[in-house]
Amino acid sequence: VRVEFLDYEAIDDYGWSLDDDDLFRKASHADLDPAAHGRLLVHPDESLLEAAERSGFGWPFSCRGGACANCAVFLVEGELSQPADHIMPEELAERGFRLSCNGYPVSDELKVVFNVKQLAELDDLIL
Ligand code: FES
């Protein structure tokens, strides 16, 4: 599964928004650090967080068990599974927020924004 990723910090720095339709196109033109915008592969049975780590990236996490939201990502394209026992509230899940520590791709391609834990909406969830 191919993943294109973008660091929320770049969105913040450049004054972009998660809702921008051309977010990843803007990112491609911004000459960002390879750790802030790029691509990685998720192997079968690998969570998104594990794939990022195997690829040498230090994405945020803490509990690794679906209980803290430090590892939250925002789905721009594609789908990431989420087990039942997680702390992501329904309304955030519906908007496309997922946990990378126990999120497994269920689409062939993904576009995700990682490091979204600093968003106000997620603030209450961070333990
Ligand atoms: Fe805590 Fe993913 S690291 S929910």
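The values are calculated or read from the model by the stated rules, or taken from the named source; none is laboratory data. Just so it is clear, the model here is predicted, and its values are computed rather than measured. Cβ placement follows ideal geometry from the backbone for every residue including glycine, while neighbour counts extend to all protein chains displayed. Side chains included, ligands, DNA and RNA excluded: accessible areas come from the protein's heavy atoms. Shrake-Rupley method; radii C 1.70, N 1.55, O 1.52, S 1.80 Å.
What's the local net charge at HIS43, with K and R +1, D and E -1, over the other residues with C-beta under 10 Å away?
Numbers: positive: ARG54; negative: ASP45, GLU46, GLU50.
Taking every Cβ under 10 Å from that of HIS43, the sum is -2.
Rounded to the nearest angstrom and listed largest first, the equivalent-ellipsoid semi-axes of the chain from its Cα gyration tensor are 20, 17, 13.
Sort 72-85, 19-32 by the packing proxy (mean of other Cβ within 10 Å over each peptide's residues), most packed first. Walk me through the intermediate numbers first.
Numbers: 72-85: 17.3, 19-32: 13.6.
Packing proxy ranking, top to bottom: 72-85, 19-32.
With the contact rule set at Cα under 8 Å and sequence spacing of 6 or more, what percent relative contact order holds for the chain?
Details: 228 pairs, mean separation 41.4, N = 127.
Reported relative contact order: 33 percent.
Helical content alone sets the calculated 222 nm signal of the chain at -5500 deg cm²/dmol, taking -39,500 (n - 2.57) per DSSP H segment of four or more residues and averaging over every residue. Across the stretch 1-68, the mean sequence separation of Cα contacts (distance under 8 Å, 6 or more residues apart), normalised by length, yields a relative contact order of 35 percent.
Could you check how much of the accessible area of the chain is carbon and sulfur, as a whole percent, using a 1.4 Å probe?
Carbon and sulfur: 45 percent of the exposed surface of the chain.
Where nothing but the Cβ of Lys and Arg (+1) and of Asp and Glu (-1) is charged, how large is the charge dipole of the chain around its Cα centre, in debye to the nearest 20? Walk me through the intermediate numbers first.
Values: 10 positive and 26 negative charges, 76 e Å.
Dipole size: approximately 360 debye.
Computed from label points 7 Å out along Cα-Cβ, the spacing between ASP12 and SER55 is 2.1 nm. Take the stretch 12-127 with all the other protein chains still there, run a 1.4 Å probe, and you get 53 Å² of accessible area per residue. Lys and Arg at +1, Asp and Glu at -1: add these up for the other residues within a Cβ distance under 15 Å of ARG25 and post the number. Net charge in that neighbourhood comes out at -4. With the charge dipole of the chain set up from +1 on Lys and Arg Cβ and -1 on Asp and Glu Cβ about the Cα centre, the Cα lying farthest toward the positive end among the listed residues VAL113, ILE126, SER55 is that of SER55.
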